1. Filter the range 174-196 down to the residues that are free of Cβ contacts under 8 Å to residues at least 60 places away in the same chain and touching a helix residue (DSSP H, G or I) at 6+ places or on another chain (Cβ under 7 Å), then identify the one that is surrounded by the most Cβ atoms within 10 Å (Cβ to Cβ).
2. Looking at the structure I just gave you, is Arg119 within 26 Å of Phe184 (Cβ to Cβ), in contact with a helix residue (DSSP H, G or I) (Cβ under 9 Å, 6 or more places away or on another chain) and surrounded by fewer than 17 Cβ atoms within 10 Å (Cβ to Cβ)?
3. Which members of the range 208-266 meet the condition of being free of Cβ contacts under 8 Å to residues at least 24 places away in the same chain, of a type in the set (Asp, Glu) and over 20 Å from Gln283 (Cβ atoms)?
4. Report yes if Glu160 is under 24 Å from Asp273 (Cα atoms) and exposed (fewer than 13 other Cβ atoms within 10 Å of the Cβ), otherwise no.
5. Count, please, the residues in the range 145-155 that happen to be at pLDDT 95 or above and either more than 21 Å from Asp42 (Cβ to Cβ) or not in a loop (DSSP other than H, G, I, E, B) (or both).
6. For Arg21, state whether it is in contact (Cβ under 8 Å) with a residue 12 or more places away in the chain and either touching a His at 6+ places or on another chain (Cβ under 9 Å) or in a helix (DSSP H, G or I) (or both).
7. Against the conditions (1) in a loop (DSSP other than H, G, I, E, B); (2) among the aliphatic types (A, V, I, L, M); (3) surrounded by fewer than 19 Cβ atoms within 10 Å (Cβ to Cβ), where does Leu35 fall short? Just the number, please.
8. Just one of (1) surrounded by fewer than 20 Cβ atoms within 10 Å (Cβ to Cβ); (2) within 23 Å of Ser37 (Cβ to Cβ); (3) among the acidic types (Asp, Glu) trips up Asp221, so point out which.
Amino acid sequence: MRVGVSEQSARKVRDPREGARWMIERAAAARRAGLDSLFVGDHHGTPAPYYQNVPIIARMLAEWGDAPAGCLFLLPLWNPVLLAEQVGTLAAIAGGRFIVQVGLGDDEAQFAAMGTTVRTRVSAFEQSLDAVRRLLAGEVVSASGRFSFREARLALRPAEPVEIWIGASAPPAIDRAARLADGFLAAPGATLAQAREQIRHYREQCAAHGRSPAAVAVRRDVYVADSRADAEAATGAIVKAGYRGFDPSALVIGTIDEVAARFRALGDLGYSDVIVRHVTDEQSYVLASLARLAEVRKAVL
């Protein structure tokens, strides 16, 4: 099993430079821990500060090395030509394989801020994914559906194929991942029982479409603690406040041995990758947890 990190991009800071510094420091800490992949997310028109994916991952890559890296793109919110160009440039900066995670997105306010609507997001997603793939493959592409452009091409193309993972939780979205993507990314709020059902459905749909996935990943929100007392100090109040509305059993909080056991249970279900995000945003706690993830990774290899 591989262990990667998806760094949170929403920050509550007085000075925006501080939040950027935290993300850069965490990328360096993840590299020291020997983690297997590095990602950031994608949101737009947010009420709170949010570090945009392309510039921040580009800076983080300077700390990262040659392990796989990538970022999420909410496809309906992006012009496909611009997105392909950003991926081409990021893949040139990255020392290793570049992975594009893609999702539908939600929240009508976010769509309105970007000049579109949730109502058309599924068709926009599929049309965008098709165009992006063709551009990355070197084709000249025109479109007249949800996106309209003529004779677009991508000259700065990745040196090696870009993997595309679809994040999904609902059955139709899981089917879409099996049909269209190289990999599947299960949502962080899924309980173990839900994660079992999702991977069962995904494998079933892959077989129906005659596809073999490159990765079957699951997101987990975690804290790797030095002790139970440390876990309580770092995350107790956050969990009691109803962290993100998740079922508490979906969170992975505990010592190195406890976290490793939870990851192994996911591996037993067939997940190839666990992509972590930290429950706490306190920098000292996150850096310490990242360091301990090195031992978790060794325990689940």
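The values are calculated or read from the model by the stated rules, or taken from the named source; none is laboratory data. Note that the coordinates shown come from a computational prediction; the quantities given were computed from them, not determined experimentally. Because the Cβ atoms are built from the backbone with ideal geometry, glycine has one as well, and the counts that use them run over all protein chains shown.
1. Phe184
2. Considered against the rule, which asks whether it is within 26 Å of Phe184 (Cβ to Cβ), in contact with a helix residue (DSSP H, G or I) (Cβ under 9 Å, 6 or more places away or on another chain) and surrounded by fewer than 17 Cβ atoms within 10 Å (Cβ to Cβ), Arg119 comes out as yes.
3. Passing the criteria: only Glu258.
4. yes
5. Here the count works out to 7.
6. no
7. The failed condition is (3).
8. All conditions pass for Asp221, except number (1).
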